[in-house]
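Student: If you scroll down you'll find the structure; I have some questions about it.
The values are calculated or read from the model by the stated rules, or taken from the named source; none is laboratory data. Bear in mind that the values here come from a model prediction, so they are computed numbers and not experimental data. Here the Cβ positions follow ideal geometry from the backbone for every residue, glycine too, while neighbour counts run over all protein chains shown.
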Amino acid sequence: MTAALVAERGTGSAVWRRFRRNSGAMIGLMLLVLLVLLAVLGPLLVGSPSTQDLAVRLAPPSAAHLLGTDQLGRDVLTRVLSGARISLGIGVSVMLASLLVGSAAGLIAGLLGGWWDEVIMRVTDIFLAFPGLILAMAISAALGPSLTNVMIAVAVVSWPTYARLIRAQVLALREREFVEAARALGSSQSRVAFRHLLPNSLAPLLVQGSFDVGNAILTAAGLGFIGFGAQPPTPEWGAMVSETRNYIAQAPWASSAPALAILVTVLAFNLLGDGLRDVFDPRKGV
Amino acid sequence: MTYILRRLALMVLVLWGVTLGAFLISHALPSDPAAAAMGNNAREEQLADFRERNGLNKPLATQYVIYMGQLLRGDMGTSLRTQNGIVNDLRAFFPATLELTLVAVVFAVLIGLPLGVIAALYQGRPPDLLARTFALLGGATPVYWLAILALTLFHERLGWLPGPGRLDVYSLAPPTHTGLVLIDSLLARDPAVFWDGLRHLILPALVLGAYSAALLTRMTRSALLEVLSQDYIRTARSKGLTPARVIGKHAVRNAALPVLTVLGSLFGSLLTGAVLTETIFSWPGIGGYATTSAISLDFPAVMGVTLIAGLAYSVVNLLVDLAYGFFDPRISFS
Amino acid sequence: MSQQTASAQKIHSFSRGLALALSLGLSLASAQNARQSTLVIGGDFSDLITLDPGVSYEFSGSLVAGNLYDTLVIYEGNDLKTLKPRLASSWTVTPTATGSRITFKLRDAKFSTGRPVTAADVIYSLTRVIALKTPSSFLLTDVANITAKSLSAPDAKTVVMDIPKTANPNIVLALLTFNVAGVVDATEAKAHEVKGDFGTAWLKDHSAGSGPFVLNRWDRSAQVALDVNPNAFRKSPNIKRVILRYMTESAAQQSSLNSGEIDVAWNYTPDAFKAAQSNPKFKALKTDTFMLSYLGMNSAKGMPFEDARVREAVRYAVDQDGIIDSLLQGLGRKTQTIVPIGLTGSDPKIYYPSNIAKAKELMKAAGKADGFSVDFLVSTGSCSGGVPCQDLAAKIQADLAKIGIKANIKQMVNSELYTTYRAQKAPLIQADWSPDYPDADGNGTPLSDYAAKSLAWRNGWNNPQASKLAQTAAIETNAAKRLAQYGQLTALLAKDGPFAILYQPYKPVVIQAGVSGFSRNANGDVQFEKISKK
């Protein structure tokens, strides 16, 4: 037991050393720190994202409006900055929700085995076979369009991945010595799960999680694009691209700015995910 | 053989689960499909009549039993909006999506595989960096924005490629056999329409396939790198085989497994990705049909789409699993 | 490298070979002719469900059905006040003991099938609509108050229609111009009947009418192709084929009109329309509509707009000019009463010049000086005049915020929006209304009479005086009296009613400069046979 803990700590600092040497991961991390700073501080620096000024609608970028204005004369930069909170919030909460549900399901399936395993795995099969966006559309339509419902919808389609991941980890780790040792020492099932199996599955979960934040942001923005998401005047990035796409000929900046914001954010999470995988599993990549 | 039978049984179970899920979700809607179908100005009596005719006022369980009964006879029911049989509607819309998806998969493979191989061969050098940049950008760009950009640039500004739709306005569609323009035009021995159809496919398929191509580049690269670092490849190399030969002979074969897995899941995500691409490209496929059906609360239609997408996903994944047998060296070498 | 060049060359010669094959197959001249005689309209036709004239009740369906089928009488072009003959060469209205009788004399006409149009076809076409209970059948049963028994044919060229006193014969004639009264070839429809469906399944994507065009084929969600009908009495001298091309996105229509792929674009956004106005390549047409874009304020007891002063405050607060000048770029007309401009009975008076101070006073008088918060239901997609609904909603939200009303926008798909609205559960809604027939009563009754269970009812506004006025005016046959009654009714609604009219939209249509003879009237009809193309 103690041996396992020591081993973990040792891995931790080695991981950080490898992480620092991984340029992709570092770029991703720095981008993320920047995004989070913008999300936290941005709204304090600029005014309200809903202030309209019809006199300057669809104005090109200028000193007064660094990224121009949209069809209602709202400042695009202000809206993009305010949207950072929303998109990051969606991404992280969807990831956490599906991680929680998925890990619980995966742990139960892996540890209890038998019928539990069979039933849970078949349910994940069904969810995986379900066309994601259509399911999300249906849920969104059923519950009414709102940000919360978009998050629920995206979480519903992404939890099975975690369930499978954790189950595979549990099956692999179950036979490993330190788990068997803990068992032999009389640890309870749940203790084994929370003290040993879960911490040791952290690496693949982190990797999958960082990819999933990006995916969730993309999917949520896609739902926002077809009108199933945030309500006006909420500056959700996907909805912003959708609202301004009718004006792309007159004001390309208005839809490009939020689209690029989505791109950069997803990119940051993907870089981080790639980096984490390389770091945790040095055989792959680099 | 027993493996295939077991898989087929599982597939039926999964599809049943999908129908049940779709049924529950669509019937949990607190809204009134009659109002959707009969329009804004309809009178109350008309709505009541519509509900009666379409069996919407029966209890939920009864509706489900009726639906499953129909389904077992190959009848997916009638669309509330179009008043057509769902099977007919799907037959009209599915081929367009299938054709787009297949071409997108072909593009994804044609772009993703070579890029992944090149990246692995030139690990850490400029070609690798370029390929990885493509993979990163392709995986992070919102598909609808890419679609708008592509249409504006290649159609409107440069005029290289045709605009929205499957065929030019002046080419009348070939007689429908398969519903796939490329095949129907060949059956009709009409090379002009074939060419026209192909040109119309390029932009939407590239846009739809971009994400998959990016993912495939990454997977191919990392799978190859892993294989290349293994002992038997080192042995082969030390025997004096050139890298290209090593890749061709051993590595590609072994790297095919993870790539196949990705392909299977890609096909599923492509079908849903088509929802967004089809909107921008006015593509008469199942994505647009699904969206309109969801908007007009056309439950039977939404369930039909869900079922067909679930079926496509399951079939492709079954095929992928079977293909493992051909690629897995432990099976083919023994 | 050399390999790449070789394959590029191969592709190149392949395409050249194909082009050669193409030019051999079609002579250049005939290809040119095909382009000149084909009219291509790009638009959002996703509302197209059926081409059966008796069933179709959507804008796109009416547009097509009007060119496939003929009605007995019609409004030609932009004159929506004078009935013109179509299949009926003449008609008379005579009073009877129970109401009135309209007698139609049919002209000589042939269906595209070659059969002559007879009185039996007319009666079959109307009775099948009544029997089928289609979305538009209420026009015949509830408004015209006719049943199968009201119709008779003394001879093959005469149709007699008896209507009761509860229906106004002028309104009946007006609604007979709609595609719901389009005449189908009874023999053909009966030949394709399945399980007593009066041929609806077949007529959904086939045509059997006497109009200037016949349906060639309808590739769902792709395009509708109409070919000229050689048997028609409305001849189409120039256009031999019309193609309605599905293009949901306004941006797609813009790029296709720019590239010359389409001749007519059906859904331009106001800003794109403005750009097209100054482009010599295009003609930008502002076509009339009878539509009204409005805010519905729920006035039922306990609802936020129960107090008439709050409703007035909203009417003072809404910046109509800003909406029309900026968001719509002029694609709307300012009006504040419930009868649209262009119909007898409309009132051009501006009752509520924009006045925030006045609005605040009214809020204070109503005891709502601190304002309140309310759910604001809005449709997804595009609103009338081509403006995206969400932009309009955001603008109104900002206007209402100035008088303390916090409107929380809830975008809903149309179906859900109307379900909530119908259940009287919409506290504040932004919607469009289009009359079912071009007559003041098409708005008068639904917008004022609570008993009609339409818009007044949905907004919980029950005003017995307004109901009475609407009912009287509907059946009044004396033109001067009727005008006075509508004057009273519109004034009453402007003062007390549950609506804040936002604008009366124009429908923007952009066509290539070489297209002439194109006209869309306020009913939404376009006569394709009058168009020519250079």
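Student: Give the residue, chosen from C:Leu417, C:Leu392, that is away from chain B (no Cβ under 14 Å), in contact (Cβ under 8 Å) with a residue 24 or more places away in the chain and part of a helix (DSSP H, G or I).
Tutor: Answer to the check: C:Leu392.
Student: Also, quick follow-up: Being among the basic types (Lys, Arg) and buried (at least 20 other Cβ atoms within 10 Å of the Cβ): is that true of A:Arg122 here?
Tutor: no
Student: Let me ask you something else. Sort out for me the helices (runs of 4 or more DSSP H) sitting completely within the range A:125-226 that have 3 or more residues that are crowded, with 20+ Cβ neighbours inside 10 Å and within 9 Å of chain B (Cβ to nearest Cβ).
Tutor: Counting at least 3 such residues, we get A:132-143, A:202-225.
Student: Just checking, how many residues over the range B:284-313 are more than 10 Å from chain C (Cβ to nearest Cβ) and touching a Lys or Arg at 6+ places or on another chain (Cβ under 9 Å)?
Tutor: So the count comes out to 2.
Student: Within the range C:275-282, does at least one residue satisfy the condition of being in contact (Cβ under 8 Å) with a residue 60 or more places away in the chain and part of a helix (DSSP H, G or I)?
Tutor: Looking through the range C:275-282, at least one residue is in contact (Cβ under 8 Å) with a residue 60 or more places away in the chain and part of a helix (DSSP H, G or I).
Student: Do we find a residue being within 9 Å of chain A (Cβ to nearest Cβ) and either within 29 Å of A:Leu58 (Cβ to Cβ) or of a type outside the set (Ser, Thr, Tyr) (or both) anywhere in the range C:343-352?
Tutor: For the range C:343-352, residues within 9 Å of chain A (Cβ to nearest Cβ) and either within 29 Å of A:Leu58 (Cβ to Cβ) or of a type outside the set (Ser, Thr, Tyr) (or both): absent.
Student: Would you list the strands (runs of 3 or more DSSP E) that sit entirely within the range C:94-182 and hold 1 or more residues that are basic (Lys, Arg) and in contact (Cβ under 8 Å) with a residue 24 or more places away in the chain?
Tutor: In the range C:94-182, C:99-106 are the strands (runs of 3 or more DSSP E) which contain 1 or more residues that are basic (Lys, Arg) and in contact (Cβ under 8 Å) with a residue 24 or more places away in the chain.
Student: Every residue in the range B:49-107 that is part of a loop (DSSP other than H, G, I, E, B), in contact (Cβ under 8 Å) with a residue 40 or more places away in the chain and among the small types (Gly, Ala, Ser), please.
Tutor: Correct list: B:Gly77, B:Ser79.
Student: Which residues, taken from the range C:326-343, are among the aliphatic types (A, V, I, L, M) and either surrounded by 20 or more Cβ atoms within 10 Å (Cβ to Cβ) or touching a helix residue (DSSP H, G or I) at 6+ places or on another chain (Cβ under 9 Å) (or both)?
Tutor: The answer is C:Leu327, C:Leu328, C:Leu331, C:Ile338, C:Val339, C:Leu343.
Student: Another question, if that's okay. What residue, of B:Leu149, B:Leu225, B:Leu130, is in a helix (DSSP H, G or I) and either crowded, with 24+ Cβ neighbours inside 10 Å or in contact (Cβ under 8 Å) with a residue 60 or more places away in the chain (or both)?
Tutor: Only one candidate passes the filter, namely B:Leu225.
Student: Okay, next question. Residues of the range C:478-501 being of a type outside the set (Gly, Ala, Ser) and either touching a helix residue (DSSP H, G or I) at 6+ places or on another chain (Cβ under 6 Å) or in a helix (DSSP H, G or I) (or both), which ones?
Tutor: If the condition is that a residue be of a type outside the set (Gly, Ala, Ser) and either touching a helix residue (DSSP H, G or I) at 6+ places or on another chain (Cβ under 6 Å) or in a helix (DSSP H, G or I) (or both), then C:Lys481, C:Arg482, C:Leu483, C:Gln485, C:Tyr486, C:Gln488, C:Leu489, C:Thr490, C:Leu492, C:Leu493, C:Lys495, C:Asp496 are the ones that fit.
Student: If we keep just the residues of the range C:186-230 that are buried (at least 23 other Cβ atoms within 10 Å of the Cβ) and aromatic (Phe, Trp, Tyr), which is nearest to the other protein chains (Cβ to nearest Cβ)?
Tutor: C:Phe198
Student: Does the range A:60-74 contain any residue that is assigned to a helix (DSSP H, G or I), of a type outside the set (D, E, K, R) and more than 30 Å from B:Ala301 (Cβ to Cβ)?
Tutor: no
Student: For the range C:183-247, which strands (runs of 3 or more DSSP E) that fit wholly inside it have 2 or more residues that are among the aromatic types (Phe, Trp, Tyr)?
Tutor: Result: C:213-219.
Student: Kindly indicate whether C:Thr92 is β-branched (Val, Ile, Thr), at pLDDT below 95 and touching a strand residue (DSSP E or B) at 6+ places or on another chain (Cβ under 6 Å).
Tutor: It is false that C:Thr92 is β-branched (Val, Ile, Thr), at pLDDT below 95 and touching a strand residue (DSSP E or B) at 6+ places or on another chain (Cβ under 6 Å).
Student: Restricting attention to the range C:327-344, report how many residues are over 18 Å from C:Asp496 (Cβ atoms) and in a loop (DSSP other than H, G, I, E, B).
Tutor: 10
Student: If you go through the range C:41-76 one residue at a time, how many are of a type in the set (Gly, Ala, Ser) and either surrounded by fewer than 24 Cβ atoms within 10 Å (Cβ to Cβ) or free of Cβ contacts under 8 Å to residues at least 40 places away in the same chain (or both)?
Tutor: So the count comes out to 5.
Student: Same structure again: Is it true that C:Lys364 is assigned to a strand (DSSP E or B), surrounded by fewer than 19 Cβ atoms within 10 Å (Cβ to Cβ) and on the phi < 0 side of the Ramachandran plot?
Tutor: no
Student: May I pose another question? Every residue in the range B:180-208 that is touching an Asp or Glu at 6+ places or on another chain (Cβ under 6 Å) and of a type in the set (Asp, Glu), please.
Tutor: Answer for the range B:180-208, where residues must be touching an Asp or Glu at 6+ places or on another chain (Cβ under 6 Å) and of a type in the set (Asp, Glu): just B:Asp196.
Student: Which one of C:Gly345, C:Gly371, C:Gly322 is on the phi > 0 side of the Ramachandran plot, under 26 Å from the mean Cα position of the chain (by Cα) and at pLDDT below 95?
Tutor: C:Gly345
Student: Out of the residues in the range B:181-206 meeting the condition of being surrounded by fewer than 20 Cβ atoms within 10 Å (Cβ to Cβ), farther than 12 Å from B:Arg166 by Cα and more than 10 Å from chain C (Cβ to nearest Cβ), tell me which one is nearest to the chain's Cα centre (by Cα).
Tutor: Across the range B:181-206, the extreme among qualifying residues is B:Ile183.
Student: Suppose the filter is at pLDDT 70 or above, assigned to a helix (DSSP H, G or I) and among the β-branched types (Val, Ile, Thr); does B:Thr291 pass it?
Tutor: For B:Thr291, the condition - at pLDDT 70 or above, assigned to a helix (DSSP H, G or I) and among the β-branched types (Val, Ile, Thr) - is met.
Student: Looking at the range C:325-354 only, could you name the residues that are more than 26 Å from C:Ser299 (Cβ to Cβ) and among the β-branched types (Val, Ile, Thr)?
Tutor: C:Thr344
Student: Which one is surrounded by the most Cβ atoms within 10 Å (Cβ to Cβ) among residues in the range C:301-325 that are within 16 Å of A:Gln52 (Cα to Cα) and free of Cβ contacts under 8 Å to residues at least 40 places away in the same chain?
Tutor: That would be C:Asp325.
Conditions tested, residue by residue: (1) over 12 Å from C:Val515 (Cα atoms); (2) under 21 Å from the mean Cα position of the chain (by Cα); (3) not acidic (Asp, Glu).
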{"position": "C:Gln253", "(1), (2), (3)": "yes, yes, yes"}
{"position": "C:Asn258", "(1), (2), (3)": "yes, no, yes"}
{"position": "C:Asn267", "(1), (2), (3)": "yes, yes, yes"}
{"position": "C:Ala272", "(1), (2), (3)": "yes, no, yes"}
{"position": "C:Gln277", "(1), (2), (3)": "yes, no, yes"}
{"position": "C:Ala284", "(1), (2), (3)": "no, yes, yes"}
{"position": "C:Thr287", "(1), (2), (3)": "yes, yes, yes"}
{"position": "C:Leu292", "(1), (2), (3)": "yes, yes, yes"}
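Student: From the list B:Leu113, B:Leu10, which residue is over 30 Å from B:Leu224 (Cβ atoms), part of a helix (DSSP H, G or I) and modelled with pLDDT of 75 or more?
Tutor: None of the other options fit; the residue is B:Leu10.
Student: Test A:Val94 against the stated conditions and say whether it is buried (at least 17 other Cβ atoms within 10 Å of the Cβ) and not in a loop (DSSP other than H, G, I, E, B).
Tutor: yes
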